[in-house]
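Below you'll find the structure, written out as structure tokens, and then a few comments.
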Amino acid sequence: EFRRVLFRSKVGIRWAGNPKFEHQQFRRFPEKFITNLNKYSELQLYSLQKDANLVNLPDNIIDLEKELTSWEDTAAAISELDLVITSCTSVAHLSAAMGKETWVIVPALPYHTWTYKSPYSRTSPYYETARIFRQTAKNKWNDTFQLLYKELEEKFNLQHIEQPSEDRITKRLNLGCG
């Protein structure tokens, strides 16, 4: 047990991109889908989150926000990680271009870079180290994350832990034009 804790796998997480990105609303999901990865004691999580999307992190997730003041800082942090899990395209590009294993969480209608052979392909023609986790239905993230948890458990030989299993149902109200 001591060896397992001493040599935990290092995983960087980012659950939201630039809040000014015109399609940010489509790639938003409950952050607990990703912050609850802290339940795996064999992993040490590092938050790569910036911008206006900060949340109160569980105590065992190391928040790098104050240290990430430039792309060089972000690249230096990524270089020390075993895996990056992100929905932020800029971090995904940086991480994958560095050859780091990168799991990209994309919405049903993704940014064009991640549409390669969509919806069936889980790879990128640009980065050998990128794996795509696609949303299967608009406003529903549960299936996407259940697959991510399963593959994370397989990759790091983790004991199965029940993770959040919810989908937000949003209602649209058409008020008309007059």
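The values are calculated or read from the model by the stated rules, or taken from the named source; none is laboratory data. What you see is a predicted model; the values in this text were computed from it and never measured. FYI the Cβ positions are ideal-geometry reconstructions off the backbone, even for glycines, and counts take in every protein chain you see. Note: areas computed on protein heavy atoms with side chains; ligands, DNA, RNA excluded. Shrake-Rupley method; radii C 1.70, N 1.55, O 1.52, S 1.80 Å.
Data table
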item	result
Verdict on S41 being open to solvent by 50 Å² or more (accessible area, probe 1.4 Å) and either at pLDDT 95 or above or of a type in the set (A, V, I, L, M, F, W, C) (or both)	no
Some residue of region 143-154 being modelled with pLDDT of 85 or more, over 15 Å from the mean Cα position of the chain (by Cα), among the polar types (S, T, N, Q) and surrounded by fewer than 19 Cβ atoms within 10 Å (Cβ to Cβ)	no
Out of R122, R168, sole residue that is of a type outside the set (S, T, Y), within 24 Å of K32 (Cα to Cα), open to solvent by 90 Å² or more (accessible area, probe 1.4 Å) and at pLDDT below 95	R168
Failed criterion for L109 (all others in (1) assigned to a loop (DSSP other than H, G, I, E, B); (2) at pLDDT 90 or above hold)	(2)
Matching residues in region 1-37 - criterion: being of a type in the set (A, V, I, L, M), more than 19 Å from A137 (Cα to Cα) and at pLDDT 60 or above	V11, I13, L37
Condition check for I78: out of contact with any His (no Cβ under 6 Å at 6 or more places or on another chain) and either modelled with pLDDT of 95 or more or surrounded by fewer than 13 Cβ atoms within 10 Å (Cβ to Cβ) (or both)	yes
Single unsatisfied condition, Y127 versus (1) out of contact with any Lys or Arg (no Cβ under 9 Å at 6 or more places or on another chain); (2) assigned to a loop (DSSP other than H, G, I, E, B); (3) open to solvent by 80 Å² or more (accessible area, probe 1.4 Å); (4) at pLDDT 65 or above	(3)
Residues of region 48-93 satisfying the condition of being touching a Phe, Trp or Tyr at 6+ places or on another chain (Cβ under 9 Å), outside any strand (DSSP E or B) and within 21 Å of Y149 (Cβ to Cβ)	Q49, V55, L81, D82, S87, C88, A92
